[in-house]
């Protein structure tokens with residue numbers, strides 16, 4: 001029933017406005033990963049001092065098609081885009097150290113946001129990485145406080161809004177965790193999550209996303 005209603009409300013139109021499909025073969029081929037990795041002082045200057053290494057499948061500003069695919073996946077829950085974006089994130093994750101084997105932790109949504117959206121896009125991406133690399137997924141963090149939209153806030157405003165928003169809910173502390181999210185903009189969300197993990201005793205925190213906006 002849900003799929004029928006979605007089709008009536010949002011008929012299939014591809015990223016290039018082709019009717020009848022969500023993705024054409026040409027568009028699928030164009031959604032390729034061009035992985036980049038960041039560490040050290042680059043992450044410190046980008047507002048991510050608590051992350052050891054960040055791997056991203058692409059640069060957000062370089063591809064209007066990618067931006068539209070992320071938007072449709074995130075807000076319209078089109079599985080075709082989730083499959084392709086998950087594949088790209090899995091490719092980027094190969095740029096992270098293989099040892100010690102990490103636990104994948106999706107960046108959590110507050111329950112109100114998850115209810116309205118119907119799913120957590122970071123969870124879909126994390127399971128795509130797990131399926132590709134054999135790493136396990138564990139919800140180690142919970143978002144215990146709603147923070148509202150971050151879109152128009154500065155980096156410092158985002159960070160202040162996120163203080164105390166995440167809590168450790170894991171049952172055991174892994175040596176290494178890889179945070180999974182969709183887009184890195186200011187870096188505030190990932191870094192605050194990393195702080196919560198380190199306070200729980202995690203020794204190394206890496207991250208992987210679809211795209212990065214600061215590069």
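The values are calculated or read from the model by the stated rules, or taken from the named source; none is laboratory data. Please read these numbers as outputs of a predicted model, since none were measured by experiment. Every residue, glycine as well, gets a Cβ built from its backbone with ideal geometry; the counts of neighbours run over all protein chains shown.
Within region 97-118, the set of residues being over 14 Å from the mean Cα position of the chain (by Cα) and in a loop (DSSP other than H, G, I, E, B) comprises 97, 98, 99, 100, 101, 102, 110, 118. Out of 55, 30, one residue alone is over 26 Å from residue 97 (Cα atoms) and touching a residue at least 12 places away in the same chain (Cβ under 8 Å). It is 30. The single residue among 66, 96, 125, 104 that is closer than 13 Å to residue 210 by Cβ and at pLDDT 95 or above turns out to be 125. Quick check, is residue 182 part of a helix (DSSP H, G or I), surrounded by 14 or more Cβ atoms within 10 Å (Cβ to Cβ) and either within 15 Å of the chain's Cα centre (by Cα) or at pLDDT below 90 (or both)? It is false that residue 182 is part of a helix (DSSP H, G or I), surrounded by 14 or more Cβ atoms within 10 Å (Cβ to Cβ) and either within 15 Å of the chain's Cα centre (by Cα) or at pLDDT below 90 (or both).
Restricting region 33-63 to residues that are part of a helix (DSSP H, G or I) and at pLDDT 90 or above, which is nearest to residue 126 (Cα to Cα)? Checking each candidate, the answer is 43. The set of residues in region 167-179 that are outside any loop (DSSP other than H, G, I, E, B), at pLDDT 95 or above and over 27 Å from residue 66 (Cα atoms) comprises 168, 176.
Here's a check for you: in region 186-210, which residue that is farther than 16 Å from residue 55 by Cβ and touching a helix residue (DSSP H, G or I) at 6+ places or on another chain (Cβ under 8 Å) is modelled with the lowest pLDDT? Of everything passing the filter in region 186-210, 186 is modelled with the lowest pLDDT. For region 73-96, a residue qualifies if it is assigned to a helix (DSSP H, G or I) and under 13 Å from residue 117 (Cβ atoms), and the qualifying residues are 73, 74, 75, 76, 82.
Name every residue in region 142-166 that is touching a helix residue (DSSP H, G or I) at 6+ places or on another chain (Cβ under 6 Å) and either closer than 18 Å to residue 74 by Cβ or at pLDDT 75 or above (or both), in order of residue number. Scanning region 142-166 gives 146, 147, 150, 158, 166.
Within region 31-46, the residues that satisfy the criterion of being farther than 18 Å from residue 90 by Cβ and surrounded by fewer than 20 Cβ atoms within 10 Å (Cβ to Cβ) are 39, 40, 41, 42, 44, 45. Here residue 49 fulfils each of the conditions (1) buried (at least 19 other Cβ atoms within 10 Å of the Cβ); (2) in contact with a helix residue (DSSP H, G or I) (Cβ under 8 Å, 6 or more places away or on another chain) apart from (1).
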